[in-house]
Amino acid sequence: MFLSLVGLGVLISLSAISGSILKIVASTVYGVTLLLVYVASILFHTSLAVKLPWKKALETVDHCAIYLLIAGTYTPFLMVTLKGPKAWGMLVFIWLIAVSGILYKVFFFYKSDLLSTLAYILMGWLSLAIVQPLYQHIGGWGIGLLVLGGVFYTLGAIFYLLDHTFRFAHAIWHAFVIAGSLAHYFTILFFVVQA
């Protein structure tokens, strides 16, 4: 969580130096959603350790924050890097998916862990629809780092689904999430904010 707070400050500061309002807004959206996902996770996992009565509510917030982070991660690429009507249309579409996912989590939380996890993965990999135009702006290294982050998150999701089947599945899931977060953070830092 601390690193995401520092990272938010770095993104906003560098965006402000660039003088681009779009970079400032997009970096803030991404950084806040990254911070939110880690705050929500810490609060939920703390509730498990100290047996807080609002554990289920915190778990719902934790899972809803994932939708926000996915949409927040798209935001800099669509607002700053690609721009234009198609990019803005996809940005609206992605945020509508996030809102729909949040509503699903709030009203049908315990229906299907598998369905929710697949929704996260599919929402993330919708980015393949913009890989070609994105490649023209951020090049092979940028795409490679972006895809690497997606692979980390996807592998982590597999371990999340295997939670309770072997001892360290949940810890491995979190390690992959951190790796995915780092890969996407540095993609945004180097190929969007500093571009």
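Working only within the stretch 27-59, note down all residues that are within 25 Å of Gly72 (Cα to Cα), modelled with pLDDT under 95 and among the small types (Gly, Ala, Ser).
Within the stretch 27-59, Ala40, Ser41, Ala57 meet the criteria.
Considering only the stretch 41-100, how many residues are farther than 22 Å from Ile21 by Cβ and polar (S, T, N, Q)?
Residues that pass the stated criteria total 5.
Each row is one residue, and each column tells you yes or no for (1) within 14 Å of the chain's Cα centre (by Cα); (2) over 28 Å from Val192 (Cβ atoms).
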| residue | (1), (2) |
| --- | --- |
| Lys51 | no, yes |
| Tyr67 | yes, no |
| Phe77 | yes, no |
| Lys83 | no, no |
| Lys86 | no, no |
| Gly89 | no, no |
| Ala98 | yes, no |
| Ser112 | no, yes |
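What are the residues in the stretch 101-136 that are among the polar types (S, T, N, Q) and not in a loop (DSSP other than H, G, I, E, B), if any?
Ser116, Thr117, Ser127, Gln132, Gln136
Do we have Ser18 as in contact with an Asp or Glu (Cβ under 9 Å, 6 or more places away or on another chain), of a type in the set (Ser, Thr, Tyr) and over 19 Å from Ser181 (Cα atoms) here?
Judged against the criteria, Ser18 is not a match.
For the stretch 110-133, give me each residue that is more than 23 Å from Phe176 (Cβ to Cβ) and in contact (Cβ under 8 Å) with a residue 40 or more places away in the chain.
Scanning the stretch 110-133 gives Ile130, Pro133.
Mind listing whichever residues of the stretch 177-195 are farther than 18 Å from Thr28 by Cα and either surrounded by 21 or more Cβ atoms within 10 Å (Cβ to Cβ) or touching a residue at least 40 places away in the same chain (Cβ under 8 Å) (or both)?
Passing the criteria: Val177, Gly180.
Grab the helices (runs of 4 or more DSSP H) fully contained in the stretch 1-84, keeping just those with 2 or more residues being buried (at least 16 other Cβ atoms within 10 Å of the Cβ) and of a type in the set (Asp, Glu).
55-76
The values are calculated or read from the model by the stated rules, or taken from the named source; none is laboratory data. What you are looking at is a predicted structure, and each value in this text was computed from that prediction instead of being measured. Glycine also receives a Cβ, built like all others from the backbone with ideal geometry; neighbour counts cover every protein chain displayed.
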